[in-house]
Amino acid sequence: MFKLKLPTDPRWANIAEENIEEILTDHAWCEQKAATNAITLFTMLPEQTHIVTELLLIAQEELEHLRLVHEIIKARGYTLGRARKDDYVNDLAKFIIQGSRQDLIIDRMLFAAMIEARSCERFKVLTETIKDQELKEFYHELMVSEAGHYTTFIGFARDLGGIEKVNQRWEQWLNYEAKVIQSYGKSHTIHG
C-alpha cells in the first residue's frame, strides 16, 4: 500500500520489547507531535473547509491515541517521561520543499503521509512480533488508524497539487525515506 522501499527489520520489535516503558513513552510523544502537525496543517489552509474539518478530526484522533497510550503507561505503573526529539522525523523534515506556498503545503502533506506510513508499518511489525497480547491488539488498532491517516494526507496532497505531480514527488519522498531509515531500527523508539 505505502510502497516503502525498505521494510523494518522484524528484529526491531525485539529491541522495542526489551524496554516497553521507553517505547510507550516515545509513542505517546509521537502522538502529541502528530496532533500538533495536523493543527499546523489546518492553519495553513483555513479557506479549505473540508480539509480543515478532516484535519481537526485527525488531531482529535491523535490526541485520543495519546490518551490511550498514557492509560497503558499508568496501568503498568510507568510514568510518561519527558518529551524527546524524533531524529527520524527531523531528518525527513529536511526534505520538505520551501518553495511556493502550495509546494510547501503539498510537501507538508507528504511529510505527514510518510510519517503515518512508516508508523503504520512499524505497528504492523509490533503486531506480528511482540509477545505482549494487550500491546499486540492495541498496535493492530493503531495500525489501521495510521493507514487511514496516510490515505487522507496523500489524498489531500493530490487534491491540492494534482495526481501526476504528487505521485512523482511521492516517489522522491519514498527514495529519500529509504536512505533515512537505513540509520534507524536499532533503538527503543517508534521510529528509531
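Principal-axis analysis of the Cα atoms of the chain puts helix 101-129 at an angle of about 30° to the longest axis. With the simple spin-label model, which puts each label point 7 Å out from Cα in the Cβ direction, the Ala93 to Leu57 separation comes to 2.8 nm.
Its Cα gyration tensor gives the range 110-176 an equivalent ellipsoid. The semi-axes, each the square root of 5 times an eigenvalue, are 28, 12, 6 Å from largest down. A simple count of charges around Glu171, restricted to other residues whose Cβ falls under 10 Å of its Cβ and scoring Lys, Arg +1 and Asp, Glu -1, yields +3.
A straight line joining the Cα centroids of the range 110-165 and the range 26-49 runs 15 Å.
Rounded, prolate or oblate: pick one for the range 81-192, where a ≥ b ≥ c are the square roots of the eigenvalues of its C-alpha gyration tensor, a/c under 1.5 means rounded, and failing that, prolate if a/b is larger than b/c, else oblate. Show your work: numbers first, answer last.
Values: a/c = 2.30, a/b = 1.64, b/c = 1.41.
Prolate shape, in that a/c is at least 1.5 and a/b is the bigger ratio.
The chymotrypsin sites (Phe, Trp or Tyr not before Pro) of the range 1-82 that meet both conditions, a loop assignment by DSSP and at most 16 other Cβ atoms within 10 Å of the site Cβ, are Tyr78.
Could you work out how much longer the chain between Ala178 and His50 gets when fully extended? Use 0.36 nm per residue separation minus the Cα distance between them, nm to one decimal. Spell out each step's value before the answer.
Working: separation 128, 0.36 × 128 = 46.08 nm, distance 3.20 nm.
Contour length minus Cα-Cα distance gives 42.9 nm.
Within the range 47-97, the GluC sites (Glu not before Pro) that combine a DSSP coil assignment with at most 10 other C-beta atoms in a 10 angstrom radius are Glu47. Normalised by the number of residues in the range 54-158, the average gap of Cα pairs under 8 Å and 6 or more apart makes the relative contact order 26 percent. Each of Arg76 and Lys5 was given a label point 7 Å from its Cα along the Cα-to-Cβ line. The distance between the two points is 3.3 nm. Relative to the longest principal axis of the Cα atoms of the chain, helix 49-75 runs at roughly 10 degrees. Computed from Cα positions, the angle between helix 20-44 and the longest principal axis of the chain comes to roughly 20 degrees.
Can you give me the relative contact order of the chain as a percent, contacts being Cα pairs under 8 Å and 6 or more apart? Numbers along the way, then the final one.
Numbers: 219 pairs, mean separation 64.3, N = 192.
Value for the chain: 34 percent.
The calculated Kirkwood hydrodynamic radius for the range 13-181 is 16.6 Å, given to one decimal from all distinct C-alpha pairs. Scaled to the globular estimate 2.2 N^0.38 Å, the Cα spread of the range 35-128, given as radius of gyration, is 1.25.
None of the figures in this text is laboratory data; all of them are computed from the coordinates on show. This one's a predicted model, so the numbers in the text were calculated from it and none came from an experiment. Virtual Cβ from ideal backbone geometry, glycine too; neighbours counted across all protein chains shown.
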